[in-house]
Amino acid sequence: MNILIKDILTVLPDGAETCSFYVQDGVIASVTSAPEGFSAEKTIHGAGRMLIPGLVNAHTHTPMTLFRNCADDLLFNDWLFGRIFPLEEKLTAEDCYWGMTLSVMEMLRTGTTAFIDMYYFMDALAQAVEDTGIRAVLSRGLMGSAEDPAAGEQRLREALDAIDKWKGRENLSFMLAPHAPYTCDYGYQSEVAAEASRLGIPINTHISESLAEIERLRKDTTAPP
């Protein structure tokens, strides 16, 4: 479809100015002057508006939109361990699909066109990305320790299987996501890092989310006198 975005304030390399954009098949073909033979099938009047590049949300848990306003008045540890983790144990793959779809609708409505997510039920989340067409980087949240190595290995296998199954999509890529220092011990973090290096993909994680965690990290990583 040929779209004309007319008389809209735009930030260009040389400064802001009001101009028109000519879009052909989803690609900006020209700014200010129409391409030869261009005929607009749709015209958007941009007066009073600004055109900017799509925003990127660099850290999300999109299915948690379903938990909006849940226990927002609690301290971090009480909120996460006392309320959110128990609720997450009851989620289904379908819940996560619709939670992400709702999040994507809200992001697109407000100018966010790409995001990085950490969650689980990877097939459901990848399907939501494919169905909505948004750009996304997905990472299966990983938790593991020497106390229960089988659980950590299972989560890592789920992540690797999803990467293999959904690779090659133009709008979808992956990271590996050791959840946090308080849910992944050093050995498990090292194992995940080795897999990320093997695959040539980045790491997505949480760090220094609370004063309690910061103090613990200082204690665990400070050499004795």
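Structure notes:
Residue by residue, here is whether (1) farther than 22 Å from Lys90 by Cα; (2) without any contact (Cβ under 8 Å) to a residue 24 or more places away in the chain; (3) touching a Lys or Arg at 6+ places or on another chain (Cβ under 7 Å) holds:
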position: Arg109; (1), (2), (3): yes, yes, no
position: Thr112; (1), (2), (3): yes, no, no
position: Tyr119; (1), (2), (3): no, no, no
position: Asp123; (1), (2), (3): no, no, no
position: Asp148; (1), (2), (3): no, yes, no
position: Phe174; (1), (2), (3): yes, no, no
position: Ser190; (1), (2), (3): yes, yes, no
position: Arg198; (1), (2), (3): yes, yes, no
position: Ser208; (1), (2), (3): yes, yes, no
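- Scanning the stretch 170-180 for residues that are outside any strand (DSSP E or B) and under 18 Å from Tyr120 (Cα atoms) turns up Met175, His179, Ala180.
- Residue within the stretch 26-48 that is part of a helix (DSSP H, G or I), within 20 Å of Ala114 (Cβ to Cβ) and of a type outside the set (Lys, Arg) present: no
- Within the stretch 192-216, the set of residues being small (Gly, Ala, Ser), in a helix (DSSP H, G or I) and at pLDDT below 95 comprises just one member, Ala212.
- For the stretch 7-25, taking the residues that are among the acidic types (Asp, Glu) and assigned to a loop (DSSP other than H, G, I, E, B), the one that is farthest from the chain's Cα centre (by Cα) is identified as Asp14.
- Sole exception among (1) of a type in the set (A, V, I, L, M, F, W, C); (2) exposed (fewer than 15 other Cβ atoms within 10 Å of the Cβ); (3) in contact with a Pro (Cβ under 6 Å, 6 or more places away or on another chain) for Val192, by number: (2)
- Those residues of the stretch 85-136 which are more than 14 Å from the chain's Cα centre (by Cα), hydrophobic (A, V, I, L, M, F, W, C) and not in a helix (DSSP H, G or I), in sequence order: Leu91, Phe121
- The set of residues in the stretch 176-206 being within 17 Å of the chain's Cα centre (by Cα) and closer than 26 Å to Asn77 by Cα consists of Leu176, Ala177, Pro178, His179, Ala180, Ile203, Asn204, Thr205, His206.
- Any pair with Cβ under 9 angstrom, 6 or more apart, that starts in the stretch 8-35 at a residue that is on the phi > 0 side of the Ramachandran plot and ends at one that is of a type in the set (A, V, I, L, M, F, W, C) and surrounded by 15 or more Cβ atoms within 10 Å (Cβ to Cβ): Gly26/Ile3; Thr32/Cys19; Thr32/Phe21
- Looking only at the stretch 33-84, and only at residues there that are among the polar types (S, T, N, Q) and closer than 26 Å to Ala136 by Cα, the one that is surrounded by the most Cβ atoms within 10 Å (Cβ to Cβ): Thr62
The values are calculated or read from the model by the stated rules, or taken from the named source; none is laboratory data. In this text the structure is predicted, and so the values were computed from the model without any measurement. Please note: Cβ atoms are built from the backbone with ideal geometry, for glycine as well, and neighbour counts cover all protein chains shown.
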